[in-house]
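These notes concern the structure reproduced below.
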Amino acid sequence: MLIKLKLSFFLVAILGVVGSFVLGHGARTGAQPATTNANEIVIQNFAFQPASLTVKVGTKVTWVNRDDDPHTATANDKKFSSKTLDTGDQFSMEFSQPGTYKYYCALHPRMTGEVIVK
Amino acid sequence: MKTDKDPIGRRNFLKCMAWAGTGVVWTMNAGLLSSSALGSGAKRKGSFTFAQISDSHIGFNKDPNHEVTKTFQEAVDKINALEERPAFVIHTGDISHLSRPEEFDTAAQILKGARTGQIYFVPGEHDVFTDDGKLYLERFGRGTQGHGWQSFDYEGVHFIGLINVLNLKQGSGTGLGGTGFGQLGQDQLAWLERDVKGLSSSTPIVVFAHIPLWTIYPDWGWGTDDSAQALSYLKGFGSVTVLNGHIHQVMKKVEGNVTFHTAFSTAYPQPAPGTAPAPGPIKDVPAERLRSLLGVTDVDVTRNGNPLAVVDLALQ
């Protein structure tokens, strides 16, 4: 830390430029709502919306609970499960293998959905 | 099932709600239900009474009730204020909201103050879904069999606590036209058949379980997949009373020898079947009305086993 503080103003300036580029790039990526929402499953009124979501291999899918009741996203074969999602909680999971992943809510098993990974 | 053809329609629900504020005595005689308002002077004579408490959802903290611990305490106070001390109390599940240890602790602590002989439990899905009921069984399942089911006798009445909230599988219950029902499972059904086999047909039977053992509303999963099989073992008995929770409202039905009854929650009311997009809490209950939609159930058992008087007591 001390050494860094003693670096010349020139070097600090360069680092600053690089840093702002990285941050700026990151901010631009994060600001694309279409990308985020496309891989998001909203839990509302005791339903997963969309009930069927198709994504590419390697996609991270996020479930968000907008209900007043707690829910889970639990694979039918129990190979994955969120923790209890209370109101506003979310759960993300990356799908690295192609296939159809059927899931349900362990508390309200009438609630079902699927993620199709291609 | 179409809402407008549902026998338990909105009108009946509202009627129940209108009565709930004062409490109603239900008496079954020769298969017919009759009712009278509490405090009407009719003296209830029985050999003992017990109380049912349900759906305390300790940990819930949203509209319409940010004080579920307080309303649960009020329910216990209500039991303690009964003219006749209940022989025991039955909690029909959803003790906790999220199966958290501290939620179970709070509930157990409050129940310690109940003036009664013993407290029997069956779990709701909220008590078992994070760990298949391990923590629940440790804390509330002492003396039970299998995964927590139990039976006991009290003054000639045979009580059976069934569990229909374990292993809830997506796709269960398709035979009833709906999925996501409660289920008892073959192990428990086999146990039940053995449990009642030696009993005389004049033995009054009281069954308690969390999810209703009759199909109330398939669209919301309000029923139990294999309840018909369970009830088939009880066909030969003269008097069978089934006490459930889960739906946070009072409903009754008589079918042959069986009287079905669902209890109030002590935490929050849920909508009548089909009157809302989903069965979540009714959020817009005015604070001054909330306690008229919460409560406990008092059951009066006569010595000759018939009738059982089931009384719903609102907190307010």
message = Full-extension gain between B:Arg194 and B:Gln316, please, as 0.36 nm times their residue separation minus the C-alpha to C-alpha distance.
response = 39.7 nm
message = Per 0.36 nm of contour for each residue apart, how much would the distance between B:Tyr154 and B:Glu255 grow if the chain were fully extended, relative to their Cα-Cα spacing?
response = 33.9 nm
ask   = Looking only at other chains, what is the average number of their beta-carbon atoms within 10 angstrom of each beta-carbon in A:102-108?
value = 6
request  = Using only the Cα atoms, work out Rg/Rh for region B:217-316, with Rh taken as the Kirkwood radius, to two decimals.
outcome  = 1.02
ask   = Could you give the length gained on full extension between A:Lys79 and A:Lys118, defined as 0.36 nm per residue of separation minus the Cα-Cα distance, in nm?
value = 12.2 nm
In the A-B interface, the accessible area buried, summed over both sides, Å² (probe 1.4 Å) = 1800
key: Ellipsoid semi-axes in whole angstrom, largest first, where each is sqrt(5λ) of the Cα gyration tensor of region B:165-283   = 26, 17, 11
request  = Taking only protein heavy atoms into account and a 1.4 Å probe, give the accessible area per residue of region B:101-235 in Å².
outcome  = 41
Cleavage-rule hits, trypsin sites (Lys or Arg not before Pro), region B:75-145, DSSP coil, Cβ neighbours within 10 Å at most 11 = B:Lys112, B:Arg142
query = Using a ≥ b ≥ c from the Cα gyration tensor of region B:210-264 (square roots of the eigenvalues), is it rounded, prolate or oblate, where a/c under 1.5 gives rounded and otherwise the larger of a/b and b/c decides, a/b for prolate?
reply = oblate
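To the nearest 20 debye, what charge dipole does region B:94-136 have about its Cα centre, counting +1 at the Cβ of each Lys and Arg and -1 at the Cβ of each Asp and Glu? Intermediate results must be reported in sequence, preceding the final value.
On the way: 4 positive and 8 negative charges, 63 e Å.
Dipole of region B:94-136, to the nearest 20 debye: 300 debye.
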task = Quick one: Debye curve from the alpha-carbon atoms of region A:39-96 only, equal weights, vacuum; give me log10 I(q)/I(0) at q = 0.31 Å⁻¹ to two decimals.
result = -1.40
remark   = One point scatterer per Cα, no solvent, Debye formula: log10 I(q)/I(0) for region B:75-206 at q = 0.21 Å⁻¹ comes out as -1.29
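The values are calculated or read from the model by the stated rules, or taken from the named source; none is laboratory data. Quick caveat, the model's predicted, so the values are computed rather than measured. Cβ coordinates were reconstructed from backbone atoms using ideal geometry, including for glycine residues, and neighbour counts include every protein chain displayed. Just so you know, the surface numbers come from the protein's heavy atoms only, side chains and all, with ligands and any DNA or RNA stripped out. Shrake-Rupley method; radii C 1.70, N 1.55, O 1.52, S 1.80 Å.
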